[in-house]
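A.B. asks: Would you mind keeping the following structure in view while I ask a few things?
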Amino acid sequence: MQPPSFNGNIASIDHVVGIDYTKLNSKPIYEGANGVVFKGTNRNQRDILVIKTIKKQANHSNDNYSALVFKEYNNVKQCLGCKQIINVLDLAVNEEANEVSLIIPYYPRGDLLDYLSQLRKNKIELTSNLKDAVFKQIVKGVNFLHERNIVHRDLKPENCLIDEDGTIRLSDFGYTLDLNKIDEQIKLNDICCGTTSFKAPELFDYERLIDSENYLGYLEKIDFKALDCWSLGIFYFQIYLMRVPWNDADLKNDSSNKTYHKYAKHYPSDENLLNSLINQLDDKNFNMQYNPALAIFKKLHHESRYFIFSLLNPQPDKRLDANSLLNSNWLNQVYANSKDFIELLPNKKR
């Protein structure tokens with residue numbers, strides 16, 4: 001069933017939390033700075049749902065808050081044809097708090113980071129192929145977004161949910177942008193949003209420029225899709241090794257970030273040098289002291305290295321895009337039944 005359309009006015013929402021949708025517990029599943037998530041049900045109590053209330057901040061005017069709500073709702077709604085992205089079912093008002101909630105399906109398997117953490121806690125090993133298959137699902141979702149000129153801007157494992165079939169679905173569209181409507185949507189969130197360890201290096205540079213100048217002047221310099229692709233490279237490390245290669249990619253952060261500084265300084269300047277470096281990683285006598293990040297790249301399997309290096313190219317205009325990654329020889333050969341993933345922890349539900 002298609003979710004309803006609204007005219008961009010909260011007054012057009014006729015469903016109410018507490019009447020049409022009910023919270024099943026006063027304790028939220030999750031609470032963050034911008035929203036709070038409850039397990040709930042509909043009026044006939046037939047379906048288990050999620051009620052995600054978007055918080056109205058002190059600095060939100062009624063118009064800004066309304067635009068923020070409909071941005072997230074409509075950006076998700078545009079992606080209903082993709083299995084790797086969450087569905088949205090409805091909007092409902094919370095009259096007491098003067099806030100609005102997105103109504104989305106309940107995914108009892110929880111988020112990807114928690115699931116991977118539980119696997120590690122229970123000492124259950126994922127095969128390389130299954131890790132790659134999980135990553136391929138994420139790439140499919142991102143490519144679907146990018147083909148529709150939408151960017152996510154906060155890709156990370158905790159922003160992915162697992163459905164009953166083991167399909168990984170991108171969630172939390174609060175920071176998403178429809179690039180076809182960038183002039184109206186960019187003002188609703190910070191330009192340099194996202195999680196520090198997943199941010200591309202140029203984002204830190206933009207942040208400093210924006211703080212000192214009129215931010216709208218820098219919009220045309222930002223390749224938002226390339227920002228997502230950098231996050232995909234970090235994402236793969238989390239799936240494959242449950243760690244990130246560096247704390248952040250800010251070249252101005254001199255005190256704590258020597259690993260990234262050396263990585264950026266020594267990043268291969270052309271394809272031949274990159275392929276040579278990848279082959280050298282298999283040499284047990286190869287000295288990596290000049291570039292400590294290589295030690296963690298060495299732990300990736302050989303087929304993935306070129307593409308992860310290419311996603312983590314410090315130059316955004318040379319960074320691998322999602323479509324090329326999805327159609328690469330590497331991911332074209334990756335396949336696993338998604339149910340194999342959830343059968344590793346058959347009783348894991350939240």
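The values are calculated or read from the model by the stated rules, or taken from the named source; none is laboratory data. Computed from a predicted model, the values in this text were never measured in an experiment. For neighbour counting, all protein chains shown are included, and Cβ atoms are generated from backbone atoms with ideal geometry for every residue, glycine included.
Per-residue answers, yes or no, for (1) outside any helix (DSSP H, G or I); (2) among the aliphatic types (A, V, I, L, M); (3) under 30 Å from residue 81 (Cβ atoms):
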| site | (1), (2), (3) |
| --- | --- |
| 136 | no, no, yes |
| 180 | no, no, yes |
| 185 | no, no, yes |
| 193 | yes, no, yes |
| 206 | no, no, no |
| 230 | no, no, yes |
| 245 | yes, no, no |
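A.B. asks: Taking into account only those residues within segment 255-283 that are surrounded by 13 or more Cβ atoms within 10 Å (Cβ to Cβ) and among the polar types (S, T, N, Q), which is farthest from the chain's Cα centre (by Cα)?
C.D. replies: 280
A.B. asks: Between 141, 166, which is part of a helix (DSSP H, G or I) and either out of contact with any Gly (no Cβ under 9 Å at 6 or more places or on another chain) or not assigned by TED's automatic domain parsing to the domain that holds residue 77 (or both)? Talk me through it step by step, then tell me what you get.
C.D. replies: Numbers: 166 fails: part of a helix (DSSP H, G or I).
Testing whether each residue is part of a helix (DSSP H, G or I) and either out of contact with any Gly (no Cβ under 9 Å at 6 or more places or on another chain) or not assigned by TED's automatic domain parsing to the domain that holds residue 77 (or both) leaves just 141.
A.B. asks: I need the full set of residues from segment 157-181 which are within 21 Å of residue 244 (Cα to Cα) and either in contact with a Ser or Thr (Cβ under 6 Å, 6 or more places away or on another chain) or free of Cβ contacts under 8 Å to residues at least 12 places away in the same chain (or both), in order please.
C.D. replies: Of everything in segment 157-181, those that are within 21 Å of residue 244 (Cα to Cα) and either in contact with a Ser or Thr (Cβ under 6 Å, 6 or more places away or on another chain) or free of Cβ contacts under 8 Å to residues at least 12 places away in the same chain (or both) turn out to be 159, 161.
A.B. asks: Separate question: Restricting attention to segment 322-350, and to residues there that are of a type in the set (A, V, I, L, M, F, W, C) and either assigned to a loop (DSSP other than H, G, I, E, B) or under 13 Å from residue 129 (Cβ atoms) (or both), which single residue is modelled with the lowest pLDDT?
C.D. replies: Looking at the filtered set, the residue picked out is 345.
A.B. asks: For residues that are surrounded by fewer than 15 Cβ atoms within 10 Å (Cβ to Cβ) and in contact (Cβ under 8 Å) with a residue 24 or more places away in the chain, scanning just segment 284-314, find the one that is farthest from the chain's Cα centre (by Cα).
C.D. replies: Top of the filtered list is 290.
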